[in-house]
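The values are calculated or read from the model by the stated rules, or taken from the named source; none is laboratory data. The model shown is predicted, which means the values in this text are computed figures rather than measured ones. Here the Cβ is made from the backbone with ideal geometry for all residues, glycine too, and neighbour counts use every protein chain on show. The area values use the complete protein model at the heavy-atom level, side chains included, leaving out ligands, DNA and RNA. Shrake-Rupley method; radii C 1.70, N 1.55, O 1.52, S 1.80 Å.
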Amino acid sequence: MAILKILHFPDSRLYTKAKQVKQIDSKIQNVITDMFETMYAAPGIGLAATQVNIHQQIVVIDVSENKNQPICLINPNITSADGQQSTEEGCLSVPDIFEQVKRAENITVQAINKDGEQIVLTTDGILSVCIQHEIDHLNGKLFVDRLSSLKRQRIKQKLIKQQRNK
Ligand code: NI
């Protein structure tokens, strides 16, 4: 097991589109284990493979209070979305920044779990937000890309300054 390095905005690698996972072999299983470890250590409630510079469609999520409800979605695909909610979002790739983002309220997502089984999940609230946020990552999109360009520019400057001071 290993804690992986998380890329930070505006790293251009975060804009890579992830490829479909063709086969869930031991290599993919190890990536999933490391992603959960990295997410829990951060700590965060979701992590997409893109954020650790692995460009395959894998996300790990755990929005439970006791961190005992891990969800792994491979090749996730949102098949229906309706309603609207606005939630304050953050991201491990955009440290210390929190902004309101509008997203669908109810979603249904199809995916493969870590055992290679097809799953269908219908959800709302924070889990729905988290799944949409992580799928955005796989498509090379960050939550700051859903904000005004002025706001995004401000955040970019702040993070570049932060990274320079490290
Ligand atoms: Ni994120």
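Assorted remarks:
- In segment 100-112, the residues that are assigned to a strand (DSSP E or B) and open to solvent by less than 40 Å² (accessible area, probe 1.4 Å): Val101, Arg103, Ile107, Thr108, Val109, Ala111, Ile112
- All told, Ile3 falls short of being assigned to a loop (DSSP other than H, G, I, E, B), open to solvent by 30 Å² or more (accessible area, probe 1.4 Å), within 22 Å of Val109 (Cβ to Cβ) and among the aliphatic types (A, V, I, L, M).
- In segment 125-140, the qualifying residues are those that are within 14 Å of the ligand (Cβ to nearest atom) and of a type in the set (A, V, I, L, M, F, W, C), and the one that is surrounded by the fewest Cβ atoms within 10 Å (Cβ to Cβ) is Ile126.
- Whichever residue in segment 6-25 is part of a loop (DSSP other than H, G, I, E, B), out of contact with any Gly (no Cβ under 6 Å at 6 or more places or on another chain) and open to solvent by 90 Å² or more (accessible area, probe 1.4 Å) and, among such residues, is farthest from Lys151 (Cα to Cα): Gln23
- Within segment 65-112, being in contact with a strand residue (DSSP E or B) (Cβ under 6 Å, 6 or more places away or on another chain), among the small types (Gly, Ala, Ser) and within 13 Å of the ligand (Cβ to nearest atom) holds for one residue alone: Gly90.
- Of all residues in segment 142-166 being in contact (Cβ under 8 Å) with a residue 40 or more places away in the chain and not in a helix (DSSP H, G or I), the one that is surrounded by the most Cβ atoms within 10 Å (Cβ to Cβ): Leu142
- Test result for Thr122, in contact with a Ser or Thr (Cβ under 6 Å, 6 or more places away or on another chain), open to solvent by 50 Å² or more (accessible area, probe 1.4 Å) and either closer than 20 Å to Leu14 by Cα or of a type in the set (Val, Ile, Thr) (or both): yes
For (1) buried (at least 19 other Cβ atoms within 10 Å of the Cβ); (2) over 29 Å from Leu159 (Cα atoms), each residue gets a yes or a no:
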| position | (1), (2) |
| --- | --- |
| Ile54 | no, no |
| Ile61 | yes, no |
| Asp82 | no, yes |
| Leu92 | yes, no |
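- Conditions (1) of a type outside the set (Asp, Glu); (2) part of a loop (DSSP other than H, G, I, E, B); (3) over 13 Å from the mean Cα position of the chain (by Cα): number failed by Val31: (2)
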